[in-house]
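A.B. asks: I'd like to ask some things about the structure below.
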Amino acid sequence: MNRLVGRYFEFISQIFSKNKFLGFGFFLTLAQVISGAFGYLFQILIGRMLSPGDFAIFSSLMASFMFLGAPMVAVSMIIVRKVSSFKANEALFLVKPFLFKLYKILIVVSIATLILFWLVDASLRELLRIPNTTTLFLFEMILIFSLFNTANNSIFQGLQKFIFMAVIGLISILLKIILSAGLISFGLALNGALLGTLLSIGIIVLVSTSILLPKLPNHVNMVRHQIDISSISKIYPVLAATIAAAAMTQLDMVLVNWYFSPKDAGLYAAASVLGKAILYLPGGLIIALFPMVAELHTKGKSGIKIFQQAILVTLFFCGSISIFYWIFGDSIINFFYGPNYYGAGEILRWYGFAILPMAIVIISEQYLIAKGQVVFAWIFLAIAPLQILAIYIWHTELWMILVSMGIFGSLLALIGILFMHYSGKLKVSSL
């Protein structure tokens with residue numbers, strides 16, 4: 001038996017060593033699973049330490065953070081493609097001035113964000129049910145510091161420094177757990193959770209910047225136009241896709257927090273935290289897929305095999321988790337959250353299958369954008385408002401939210417598969 005097991009693992013290791021994508025994909029997925037486990041420990045710990053009502057607000061704020069951060073995700077994809085192009089053309093000396101220009105733009109965006117939030121302070125607090133201005137300010141600062149964190153991570157991803165990304169991601173979530181839990185225990189409650197999150201992101205930005213800049217090569221004879229960031233017209237379709245993805249996977253929590261009682265919203269928040277593990281599980285594959293496909297595309301090579309491998313692995317693992325949630329939903333909720341969240345297990349049973357199609361959609365989106373193809377991005381943007389409208393119309397019961405998510409996610413996944421099948425035969429728009 002031991003010899004058989006040894007041969008099995010030897011066979012698996014040979015596959016990963018010969019296939020760069022699967023090798024890095026496996027490593028990053030393992031790192032994502034470990035970081036994700038700590039991430040869910042963080043969410044569960046916050047859920048236990050806060051009241052269900054405060055936890056619903058916290059989850060709603062984090063969902064809003066994902067949605068409002070969608071433009072930066074779009075910029076991140078452009079950055080990764082740009083740096084991958086530098087790498088493919090052996091022009092890494094262009095990365096540092098590119099990054100400095102990006103920092104300047106983000107400083108301007110940060111100032112504009114603070115002014116905008118100040119102008120809509122009262123309305124935003126009412127919409128998100130935020131108890132005070134301090135809570136909103138902490139949320140704003142999390143959003144701003146995350147801009148710089150995303151920029152640094154995008155450079156590392158484009159350079160394919162995957163090991164560093166995994167390590168820094170794990171350190172970030174550990175800091176978040178320690179700081180947030182500590183501040184909550186000191187009596188800061190919801191604001192303690194947000195302040196701990198802010199401090200952890202700030203520390204990671206300082207550390208990653210201090211490591212990144214010295215490692216980037218310098219070049220004295222720079223030509224200004226060589227380092228221009230991609231024109232805004234190229235960002236539009238990527239921005240459309242990332243906003244649509246954020247809307248379809250995050251705004252459900254915001255809407256539930258608005259339409260339902262604090263108790264029901266808290267139950268839904270507990271289920272959605274665990275349910276979205278299905279969505280984030282292929283994150284390691286995506287981190288490896290995007291720069292590799294972009295580099296291959298720059299060299300005129302196909303990355304379709306990488307896409308096929310990513311889809312098969314995602315279907316297997318995410319499908320398995322969905323079935324696990326279906327069978328053990330009640331027990332999982334009771335184990336992680338305790339009796340205060342009785343009833344969330346039934347939501348979790350359905351949540352896994354409702355969110356599963358979006359995992360396939362996001363991989364397809366990443367693959368196509370890495371190749372510069374953007375037609376699917378516009379289709380994505382057309383479907384997202386329909387899901388939000390359906391939730392707005394049919395929101396009398398929590399299960400109706402999940403039905404809406406499942407139907408429109410499946411529709412988009414089907415369109416994506418058909419588009420992938422025919423994209424080679426059609427003339428498609430590109431970045």
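A.B. asks: Can we say residue 36 is in a helix (DSSP H, G or I), open to solvent by less than 60 Å² (accessible area, probe 1.4 Å), at pLDDT below 85 and closer than 20 Å to residue 184 by Cα?
C.D. replies: Working: in a helix (DSSP H, G or I): yes; open to solvent by less than 60 Å² (accessible area, probe 1.4 Å): yes; at pLDDT below 85: yes; closer than 20 Å to residue 184 by Cα: no.
No, not satisfied.
Rundown of residues vs (1) among the small types (Gly, Ala, Ser); (2) at pLDDT below 85; (3) outside any helix (DSSP H, G or I), yes/no style:
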site: 16; (1), (2), (3): no, yes, no
site: 22; (1), (2), (3): no, yes, no
site: 61; (1), (2), (3): no, no, no
site: 64; (1), (2), (3): yes, yes, no
site: 78; (1), (2), (3): no, yes, no
site: 83; (1), (2), (3): no, yes, no
site: 86; (1), (2), (3): no, yes, no
site: 118; (1), (2), (3): no, no, no
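A.B. asks: Six or more apart or on different chains, Cβ under 6 Å: which pairs go from a residue in the stretch 263-284 that's under 12 Å from residue 343 (Cβ atoms) and among the basic types (Lys, Arg) to one that's at pLDDT below 80 and surrounded by 20 or more Cβ atoms within 10 Å (Cβ to Cβ)? Could you list them?
C.D. replies: So the pair list comes out as 263/52.
A.B. asks: Looking at the structure I just gave you, is residue 112 within 29 Å of residue 60 (Cβ to Cβ) and in contact with a Ser or Thr (Cβ under 7 Å, 6 or more places away or on another chain)?
C.D. replies: It is false that residue 112 is within 29 Å of residue 60 (Cβ to Cβ) and in contact with a Ser or Thr (Cβ under 7 Å, 6 or more places away or on another chain).
A.B. asks: Within the stretch 337-365, work out how many residues are open to solvent by 70 Å² or more (accessible area, probe 1.4 Å) and within 14 Å of residue 277 (Cα to Cα).
C.D. replies: From the stretch 337-365, those open to solvent by 70 Å² or more (accessible area, probe 1.4 Å) are 339-340, 342, 346, 350, 353; that's our starting set.
Then drop every residue that is not within 14 Å of residue 277 (Cα to Cα), which leaves 350, 353.
Going through the stretch 337-365 one residue at a time, the tally reaches 2.
A.B. asks: Select from the stretch 94-126 the residues that are over 24 Å from residue 240 (Cα atoms) and buried (at least 18 other Cβ atoms within 10 Å of the Cβ) and list them in ascending order.
C.D. replies: 94, 95, 96
A.B. asks: Can residue 149 be described as open to solvent by 40 Å² or more (accessible area, probe 1.4 Å), assigned to a helix (DSSP H, G or I), under 30 Å from residue 83 (Cβ atoms) and touching a residue at least 24 places away in the same chain (Cβ under 8 Å)?
C.D. replies: no
A.B. asks: I would also like to ask the following. Looking at the stretch 368-415, which of its residues are farther than 24 Å from residue 305 by Cα, among the aromatic types (Phe, Trp, Tyr) and open to solvent by less than 70 Å² (accessible area, probe 1.4 Å)?
C.D. replies: 408
A.B. asks: While we're looking at this one, here's another question. Among the residues of the stretch 286-302, is there at least one that is closer than 20 Å to residue 418 by Cβ, open to solvent by 10 Å² or more (accessible area, probe 1.4 Å) and either of a type outside the set (S, T, N, Q) or out of contact with any Asp or Glu (no Cβ under 9 Å at 6 or more places or on another chain) (or both)?
C.D. replies: yes
A.B. asks: Let me ask you something else. Inspect the stretch 309-330 for any residue being within 18 Å of residue 405 (Cβ to Cβ), acidic (Asp, Glu) and in a helix (DSSP H, G or I) and give the result as yes or no.
C.D. replies: no
A.B. asks: Kindly check whether there is at least one residue in the stretch 199-206 that is in a helix (DSSP H, G or I), farther than 17 Å from residue 141 by Cβ and open to solvent by 20 Å² or more (accessible area, probe 1.4 Å). Please lay out each step first, then the result.
C.D. replies: Step one: of the stretch 199-206, the residues in a helix (DSSP H, G or I) are 199-206.
Filter once more, keeping what is farther than 17 Å from residue 141 by Cβ: none.
For the stretch 199-206, residues in a helix (DSSP H, G or I), farther than 17 Å from residue 141 by Cβ and open to solvent by 20 Å² or more (accessible area, probe 1.4 Å): absent.
A.B. asks: Determine whether residue 346 is assigned to a helix (DSSP H, G or I) and within 20 Å of residue 262 (Cα to Cα).
C.D. replies: On the way: assigned to a helix (DSSP H, G or I): yes; within 20 Å of residue 262 (Cα to Cα): yes.
Spelling it out, residue 346 is indeed assigned to a helix (DSSP H, G or I) and within 20 Å of residue 262 (Cα to Cα).
A.B. asks: Within the stretch 312-321, is there a residue that is in contact with a Leu (Cβ under 8 Å, 6 or more places away or on another chain), of a type in the set (A, V, I, L, M, F, W, C), modelled with pLDDT under 90 and under 22 Å from residue 266 (Cβ atoms)? Give the steps one after another, and end with the answer.
C.D. replies: Residues of the stretch 312-321 in contact with a Leu (Cβ under 8 Å, 6 or more places away or on another chain): 313-314, 317-319, 321.
Then keep just the ones that are of a type in the set (A, V, I, L, M, F, W, C); that gives 313, 317-318, 321.
In the following step, the residues that additionally are modelled with pLDDT under 90 were identified as 313, 317-318, 321.
Then drop every residue that is not under 22 Å from residue 266 (Cβ atoms), which leaves none.
Looking through the stretch 312-321, none of the residues is in contact with a Leu (Cβ under 8 Å, 6 or more places away or on another chain), of a type in the set (A, V, I, L, M, F, W, C), modelled with pLDDT under 90 and under 22 Å from residue 266 (Cβ atoms).
A.B. asks: Can you pull out the residues in the stretch 72-87 that are of a type in the set (A, V, I, L, M), closer than 17 Å to residue 162 by Cβ and surrounded by fewer than 22 Cβ atoms within 10 Å (Cβ to Cβ)? I'd like the intermediate steps shown before the answer.
C.D. replies: Going through the stretch 72-87, the residues of a type in the set (A, V, I, L, M) turn out to be 72-75, 77-80, 83.
Keeping just the survivors that are closer than 17 Å to residue 162 by Cβ gives 77, 79-80, 83.
Residues satisfying the conditions do not exist here.
A.B. asks: Name the pairs: first residue in the stretch 319-331 and touching a residue at least 60 places away in the same chain (Cβ under 8 Å), second residue surrounded by 14 or more Cβ atoms within 10 Å (Cβ to Cβ) and of a type in the set (S, T, N, Q), Cβ to Cβ under 7 Å, at least 6 apart or on different chains?
C.D. replies: Close Cβ pairs satisfying both conditions: none exist.
A.B. asks: Across the stretch 387-402, what is the number of residues that are more than 13 Å from residue 249 (Cα to Cα) and not charged (D, E, K, R)? It would help to see each step written out before you state the result.
C.D. replies: Narrowing the stretch 387-402 to residues more than 13 Å from residue 249 (Cα to Cα): 389-390, 392-400.
So of that shortlist, the ones also not charged (D, E, K, R) come out as 389-390, 392-396, 398-400.
Going through the stretch 387-402 one residue at a time, the tally reaches 10.
A.B. asks: Let me ask you something else. For the stretch 364-412, enumerate the residues that are farther than 30 Å from residue 346 by Cα, in a helix (DSSP H, G or I) and not hydroxyl-bearing (Ser, Thr, Tyr).
C.D. replies: 365, 366, 368, 369, 370, 375, 376, 377, 378, 379, 381, 382
The values are calculated or read from the model by the stated rules, or taken from the named source; none is laboratory data. Remember, predicted model here, so these are calculated numbers, not experimental data. Every residue, glycine among them, receives a Cβ derived from its backbone with ideal geometry; neighbour counts consider all protein chains shown. Keep in mind that these areas ignore ligands, DNA and RNA; they rest on the heavy atoms of the full protein, side chains included. Shrake-Rupley method; radii C 1.70, N 1.55, O 1.52, S 1.80 Å.
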